[in-house]
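Just passing along the structure, written as structure tokens.
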Amino acid sequence: MHCNRCGHDNGEDARFCSSCGSPLDVPEELEAEAAVAAEALAAADAGDAPGEPAAAPDETVVVEADETTVVAEEAAAGEADTVPERQPLPDAPGAPVPPDELHPTAGPAPEARRQTPPPPAQPPAGAPSAGPVPPSQPPVPPMAAQRGILGQAWHDLTGSQGWFGRVVVLILMNLVPVLGWYVSGYMLQWGASAGDGSEGLPRRSFNRSTVWLGFLYAVLGVIGAVATASLFYVGAVPVLGPIFLFCWAVLVSVYTTVAGVRMAARGSFGAAFDLSDILEAFKRDPWGAIVAVFVPGLAAGAVIVVVAMLVLMGAAGSMYASRYYLYSGSYYGYGLDPLSTVATMLGILGPAVVIVVLAAAFAGTFAQLWSVRAVGVWIDHNAPQWKRAPREGSGVGFRSE
């Protein structure tokens, strides 16, 4: 008998495959005889059924069919060597028949069923909907490199339209003593606002609190100048004296600017004298504070020197050219006219001096704005708690607009 499941060749009288245990296809006569034998075997296993006599333990059932004798017990004993458990025939009552064993086309194989992913779970009826699935977010580009202290201050200063005109207005106001206090207060308030997202010079109306802040900053500058002059005699010490005096002047200048911005951020004149907090912030980045205070001034000084040299060279060339006209009159007997000589020199040097003064005023004001804003950025990096803490109300205070 040939097994249709695994292809193994079995004996002619075999009913089950000795390799896989599957039932073999037999003729209809043998199927009927096997069904009778299976019923008898089931009755013998069940014991004494009600209403039916029990078969003897050693009783054998013989069925004749076309000169073939089928002994149920011998068939069961022969198959017990290869089949671990007794499997009744498919037609026997109560025998489970998997659909994929007898009918391969009835469904997928067990392996295929195990590999098939389960369907998505459906939410129960009445459950709130989770809403539409949000689209995938685009990849976030890497953040741009953070600007340095001076770079951020420069960007804030020149980052808005009309900044050049505002600097010119501040220059004109700085020529008047009282209005110069307003310019100083305006710079300190703008420096204290570093890190809050504002860029460019703000538009501010004239107010007393800003003037008062500039006046207090002038007082703070006088205190710093006195502290520097108090150790002026140390400069007489050879070698080390001038070095110490220079370092002391640098520290006093840094303290004055940092204390002024802190005073504007805290809203109190007493905040400028909290030396422990200022020293603690200075220890975190001392060179950053020194660079913020002095580099803008040095850059402005270099610009002024270059402009002055160019203008004076142009004036000297003009004066040398005008010498021909001044001395040509004496050659023809007219002589030198002192008034015309002075007028010529003033006409050449006057515009040159005006250009140098205007350039110095613009460069100086621009350097002050740049430096104060750089100090504000330095404070935002090293002591942001100065601006986040509640404003002080004691002492000589003011209100920043």
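The values are calculated or read from the model by the stated rules, or taken from the named source; none is laboratory data. The model shown is predicted, which means the values in this text are computed figures rather than measured ones. Don't worry about glycine lacking a Cβ; one is built from the backbone with ideal geometry, like all the others, and counts go over all protein chains shown. When the accessible area is computed, the model is the full protein with side chains, heavy atoms only, and any ligands, DNA or RNA have been set aside. Shrake-Rupley method; radii C 1.70, N 1.55, O 1.52, S 1.80 Å.
Rolling a 1.4 Å sphere over the protein heavy atoms, what is the accessible area per residue of the range 200-302, to the nearest Å²?
Numbers: 5310 Å² over 103 residues.
Here the residues of the range 200-302 average 52 Å² of exposed surface.
Relative to the present Cα-Cα distance, how much length would full extension add between Trp154 and Leu298 at 0.36 nm per residue of separation? Can you show the working numbers first?
Numbers: separation 144, 0.36 × 144 = 51.84 nm, distance 1.48 nm.
Gain on stretching Trp154 to Leu298: 50.4 nm.
Also, quick follow-up: Using modelled amide H (1.01 Å from N, peptide plane; none on Pro or chain starts), what sits under 5 Å from the amide H of Phe16, excluding residues fewer than 5 places away?
Amide H neighbours of Phe16, under 5 Å, 5+ apart: Leu24.
Report the residues of the range 170-195 in range of a label on Phe164: point 7 Å along Cα→C-beta, backbone N strictly under 19 Å from it.
170-173
Can you compute the FRET efficiency between Val234 and Val306 using 1/(1 + (r/R0)^6), with r the Cβ-Cβ distance and R0 = 45 Å? Round to the nearest 0.05. Show your work: numbers first, answer last.
Working: r = 34 Å, r/R0 = 0.76.
The computed FRET efficiency comes out at 0.85.
Taking K and R as +1 and D and E as -1, what net charge do the other residues with C-beta under 15 Å from the C-beta of Lys283 add up to? Mind dumping the intermediate values first?
Details: positive: Arg284; negative: Asp274, Asp277, Glu280, Asp285.
Once positives and negatives cancel, what remains is -3.
Would you kindly state how much longer the chain becomes between Asp9 and Val226 on full extension, computed as 0.36 nm times their sequence separation minus their alpha carbon distance, in nm to one decimal?
Numbers: separation 217, 0.36 × 217 = 78.12 nm, distance 11.74 nm.
Roughly 66.4 nm would be gained on extension.
Separate question: At a Förster radius of 60 Å, what calculated FRET efficiency corresponds to the Cβ-Cβ distance of Arg284 and Ala343, to the nearest 0.05? Please report the intermediate quantities before stating the final value.
On the way: r = 60 Å, r/R0 = 1.00.
So, using R0 = 60 Å, E works out to roughly 0.50.
Return the loop-located trypsin sites (Lys or Arg not before Pro) in the range 174-228 (DSSP other than H, G, I, E, B) with at most 14 other Cβ atoms within 10 Å of their own Cβ; answer none if there are none.
Values: sites: Arg203, Arg204, Arg208; in loops: Arg203, Arg204.
Here the trypsin sites (Lys or Arg not before Pro) that fit, given the DSSP loop and packing criteria, are Arg203, Arg204.
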